[in-house]
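The structure appears below as structure tokens.
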Amino acid sequence: MRSKLLQMLIDHQGHFVSGEAISNHLGCSRTAVWKHIEELRKAGYKLEAAPRKGYRIIHQPNVLTESEIKAGLATRYLGMNVHYDKSVNSTQEIAHRISREGAPEGTIVVADEQVAGKGRLGREWFSPIGTGIWMSMILKPKIPPQQAPQLTLLTAVAVIRGVKAATGIQCDIKWPNDILLNGKKLVGILTEMQADPDQIHSVIIGTGINVNETDFPEEIKEIATSLKIEKEEEINRATVIKRILEHFEELYELFLEEGFLPIKKMWEDHAITVGREITARTTTKTLHGFACGITDDGVLLLKDETGEIHKIYSADIEF
Ligand code: BTN
């Protein structure tokens, strides 16, 4: 009920919506409408009420509850189930658990804080309270397990498009899963899988986005940034999530129908890794050379000084 009311007010942002129109839309009495409006006010919304005109929204709090994420979300299934917690160890952990318990494809897990946020390569992910987006999506695609890493690249494109739609900010992709803004890390993506050798049970895609952070711990100060730092204004996290989910669902459908090729082209349009001299540090070796492209599987191709082409499956990249 609250999501529906919010959605209606957000859809008419800047304009009044009459109490009668709301009560017809929600199928409840005018008194019930008034009670829901009061609840929204208590939750931090500033709502103007005018006699004979109705209600209009003046200010939305920067909160990430299920209602805020669902209001005005234009997807068919992604984000229809939202599992929200104020504080968790890691949204990945929760997504793995509820997926095993039967959570449907498209369920998202969101938290206001992670106290043990997981980064790639066993690193920690800085996830302070009330500032960023810490979200995991549960997908159950019918694709061979070896294609699952392509979903990381798809996610990067969806995040770039979603961030652009919500804020106007244009970011770049650094292979395979970093999103940079002005050369600093804005987003990290972690893809994990529950699978048998020939069958995927679920793919859990975790996305960490620095949104309203103004300060970072000493060790990442020089390399991390946030949307607020770059835009110099507070950004509404629920809006960013909605635009990302909408772009993700569209790309995911395309991927399931037509495969990775169309996604690869979009990814290349945003990638700053390809066509440059790079250093790739894998867990076993360090390679230096020219990044000549990615394969249809999303594997990075590096040509060294002898002309030999190396396939890089996982590495840290430096320019
Ligand atoms: C990276 O190291 O670049 C990947 C970072 C991924 C962080 C996100 S935040 C939401 C989800 N939950 C986690 O514990 N990690 C991912």
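The values are calculated or read from the model by the stated rules, or taken from the named source; none is laboratory data. What you are looking at is a predicted structure, and each value in this text was computed from that prediction instead of being measured. When we count neighbours, we look across all protein chains shown, and the Cβ atoms used for this are built from the backbone with ideal geometry, even at glycine.
Among the residues of segment 1-42, what is the count of those that are assigned to a loop (DSSP other than H, G, I, E, B) and either surrounded by 12 or more Cβ atoms within 10 Å (Cβ to Cβ) or in the same structural domain as Ala71 (by the TED database) (or both)? Total satisfying the criteria: 5. In the set (1) more than 30 Å from Ser18 (Cβ to Cβ); (2) assigned to a loop (DSSP other than H, G, I, E, B); (3) in contact with a Lys or Arg (Cβ under 6 Å, 6 or more places away or on another chain), Ser127 fails one condition alone, (3). In segment 104-118, of all residues being within 11 Å of the ligand (Cβ to nearest atom) and assigned to a loop (DSSP other than H, G, I, E, B), the one that is nearest to Ser87 (Cα to Cα) corresponds to Val115.
Of everything listed in (1) farther than 17 Å from Leu254 by Cα; (2) within 11 Å of the ligand (Cβ to nearest atom); (3) of a type in the set (Ser, Thr, Tyr); (4) assigned to a helix (DSSP H, G or I), the single unmet condition for Ser99 is (2).
Return the residues of segment 272-319 that are free of Cβ contacts under 8 Å to residues at least 12 places away in the same chain and either in the same structural domain as Leu261 (by the TED database) or outside any strand (DSSP E or B) (or both); say none if nothing qualifies. Steps first, please.
Going residue by residue through segment 272-319, those that are free of Cβ contacts under 8 Å to residues at least 12 places away in the same chain are 284-286, 301, 306-308.
Hits for segment 272-319 are Thr284, Lys285, Thr306, Gly307, Glu308.
Would you check which residues across segment 149-192 are among the small types (Gly, Ala, Ser) and either under 24 Å from Val203 (Cβ atoms) or in a helix (DSSP H, G or I) (or both) and list them? Listed by number, the residues that qualify are Ala156, Ala158, Gly162, Ala165, Ala166, Gly188. For segment 43-53, the count of residues that are surrounded by 21 or more Cβ atoms within 10 Å (Cβ to Cβ), touching a strand residue (DSSP E or B) at 6+ places or on another chain (Cβ under 7 Å), over 30 Å from Ala315 (Cβ atoms) and modelled with pLDDT under 95 is zero. Flag: Ile138 matches the condition of being in the same structural domain as Gln92 (by the TED database), under 21 Å from Gly79 (Cβ atoms) and either among the charged types (D, E, K, R) or surrounded by 15 or more Cβ atoms within 10 Å (Cβ to Cβ) (or both). Of the numbered criteria (1) away from the ligand (no atom under 11 Å from the Cβ); (2) assigned to a loop (DSSP other than H, G, I, E, B); (3) farther than 30 Å from Gly14 by Cα, the one Ser87 fails is (2). Of all residues in segment 165-189, those satisfying the criterion of being farther than 13 Å from Ile235 by Cβ and polar (S, T, N, Q) are Gln170, Asn177, Asn182.
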